[in-house]
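*Asks:* Dropping a structure here in structure tokens format, bear with me for questions.
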Amino acid sequence: MNKKISLGIAITIVIASIAATFAITMSVSQRIYNRLIANLQDRIASYALIDELDAVIQENYYGTVVNDTRNGKMLSGYVDSLNDPSSYYLSKSAYSAYLSSMNGEINGIGVNVSTDKKSGYLKVTSVFDNSPASSAGIKEGDLISVVDGERVTKKNASKMTDALNGNKLTSVKITYIHNNKAKNVSVMMGYSAKSVYYKETGSAAYIKIDGFYANTAKQLDEVIKSLPDGTESIIFDLRGTSGGTVEYTTDALKQIVPIAGEGSGALATEIDKKGNKTYYASSSASLSGYSIVVLTDSETSCCGELFACDLRDFGMAQIVGETTKGNADVSRAFALSNGSGVVLTVAKVYPYITETFDGVGVEPDIKVLSEKNTEDKDVQLLTAIDYLSKK
């Protein structure tokens, strides 16, 4: 049986609903407003002081103010004032290079250069693996004399260096001198960076991971699948490893560890300053049948520490080397309107079971100081090999 309500009651209900909606909206708006005006007077005073300083400089400074340089220094100084080594400002070109590196890509032809004092040419101090420069036959010690038709001199060395570090999918014509013979080549800019390196050390596989980027998990998977028959153990070298993201680190871990069954069931957990949690789940992959050692040193940081700690938390590895850096900062990049960017610490990361390594580092199971290593003898690696041979 349908019941009808009077027009007056209907109007009252509508008005009450509007009033409730308005009250909720005002409450939310008030909270947003309160956040916006927090320390408002302090911020106004800071901006006014910057304007005052700018006016003094513009009126009295003898030299020329370069706006781009000034703005970059001001932004960099603001971030530096946070006194956080994991947070920093990036210029437009540096921000572009940062994004490329996180994607596992590197701009340019893949060389480090310095100005040769005698000739004024660019001297190649190193050539990166898997780079276009390497494919073009450029070697360490070669001299780059011409870049895109312009002869290299001491005066234009900086400009010529920038020309070798262009964006991907562009090419540069280079004349370089090798063994006193000039060679002309056209070299493509940009390439997929290699972050996983493999070699055999007897019955053990030695795998060096330089960082955890978008293509690291794929490279690691390819190396693991290509291990020769008879391989009994694996040594993961994470000495000096810090770069990458938590997401890419857990992508690499998924190639090795089984499904997480303890704690939250996450390979890693990010917790921001508001207590919000982000979980990184495991998968069904499991690297069984191998004895594993992880090499660490005092420069193993953040993503490297997470990888090492998780392998031990799963009971899959022993750690040989030094106590790690103790940096659990999660960094994230933010673009600014002029194309530059800022990298900020936005959270802390927690490993699978261990409570935290932030500020304390990851302690090795077998401590071997890196100072014992020499040019001819890697004592930490030899200790790992000796340990595995006795298992």
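*Asks:* So if R0 is 30 Å, what FRET efficiency would Ser134 and Leu227 give, r being the distance between their Cβ atoms, rounded to the nearest 0.05?
*Replies:* It comes to 0.75.
*Asks:* How much accessible area does Arg70 have with a 1.4 Å probe, in Å² rounded to the nearest 10?
*Replies:* Probe radius 1.4 Å; accessible area of Arg70 about 70 Å².
*Asks:* Quick one: how many Å² of Tyr248 are accessible to a 1.4 Å probe, rounded to 10?
*Replies:* For Tyr248, solvent-accessible area is about 40 Å².
*Asks:* Just to make sure I understand: if all protein chains stay in place, what is the order of Ile109, Ile353 by accessible area at 1.4 Å, largest first?
*Replies:* Largest accessible area first, the residues go Ile353, Ile109.
*Asks:* For the range 59-213, what class follows from the C-alpha gyration tensor (a ≥ b ≥ c being the square roots of its eigenvalues): rounded when a/c is under 1.5, otherwise prolate if a/b is larger than b/c, else oblate?
*Replies:* Note, shape of the range 59-213 comes out oblate.
*Asks:* Further question: Keeping all protein chains in place and using 1.4 angstrom, which order do Glu105, Glu371 fall into by accessible surface area, from largest down? If you can, show how the numbers build up before the last one.
*Replies:* Working: Glu105 65, Glu371 150 Å².
These residues rank, largest area first, as Glu371, Glu105.
*Asks:* With unit charges on the beta carbon (Lys/Arg positive, Asp/Glu negative), name the residue among Leu381, Leu90, Ser226 whose Cα is farthest towards the positive pole of the charge dipole of the chain.
*Replies:* Of Leu381, Leu90, Ser226, it is Leu90.
*Asks:* Gap in Å between the Cα centre of the range 58-108 and the Cα centre of the range 284-350?
*Replies:* The range 284-350 and the range 58-108 have Cα centres separated by 26 Å.
*Asks:* Follow-up question, since we're still on this one. Any idea what Rg and Dmax come out to for the chain if you just take the C-alpha atoms, in Å?
*Replies:* 28.0, 103
*Asks:* Hey, another quick one. Probe of 1.4 angstrom, ligands and nucleic acids ignored: what's the accessible area per residue over the chain, in square angstrom? Before the final figure, lay out each step's value.
*Replies:* Numbers: 22730 Å² over 391 residues.
That works out to 58 Å² per residue.
*Asks:* Kindly sort Lys73, Lys117, Lys348, Lys159 by accessible area of their heavy atoms, largest first, with the probe set to 1.4 Å.
*Replies:* Numbers: Lys73 150, Lys117 175, Lys348 65, Lys159 115 Å².
The ordering from most to least exposed comes out as Lys117, Lys73, Lys159, Lys348.
*Asks:* Need the list of lysines near Lys181 for cross-linking: C-alpha distance under 27 angstrom, and skip anything on the same chain fewer than eight residues off.
*Replies:* Lys117, Lys118, Lys123, Lys139, Lys154, Lys155, Lys159, Lys173
*Asks:* Tell me whether the range 183-333 comes out rounded, prolate or oblate; compute the Cα gyration tensor, take square roots of the eigenvalues as a ≥ b ≥ c, and use a/c under 1.5 as the rounded threshold. Before the final figure, lay out each step's value.
*Replies:* Details: a/c = 1.63, a/b = 1.14, b/c = 1.42.
Oblate, because a/c is 1.5 or more while a/b does not exceed b/c.
*Asks:* To the nearest 10 square angstrom, what accessible area does Glu363 show with a 1.4 Å probe?
*Replies:* Roughly 100 Å² of Glu363 is accessible to a 1.4 Å probe.
*Asks:* Quick check on the range 174-277: of the DSSP beta bridges with both residues there, what percent are antiparallel, nearest 5%?
*Replies:* The antiparallel fraction comes to roughly 65 percent.
*Asks:* Return the calculated 222 nm mean residue ellipticity for the chain, to the nearest 500 deg cm²/dmol, obtained by summing -39500 (n - 2.57) across DSSP H runs with n ≥ 4 and dividing by the residue count.
*Replies:* Working: 10 runs with 127 residues, N = 391.
Here the helix-only value at 222 nm equals -10000 deg cm²/dmol.
The values are calculated or read from the model by the stated rules, or taken from the named source; none is laboratory data. Owing to the predicted nature of the structure, the values given are computational and were not obtained by experimental measurement. Here Cβ is always computed from backbone atoms with ideal geometry, including for glycine, and neighbour counts include all displayed protein chains. The accessibility values were calculated without ligands, DNA or RNA, using every heavy atom of the protein model including side chains. Shrake-Rupley method; radii C 1.70, N 1.55, O 1.52, S 1.80 Å.
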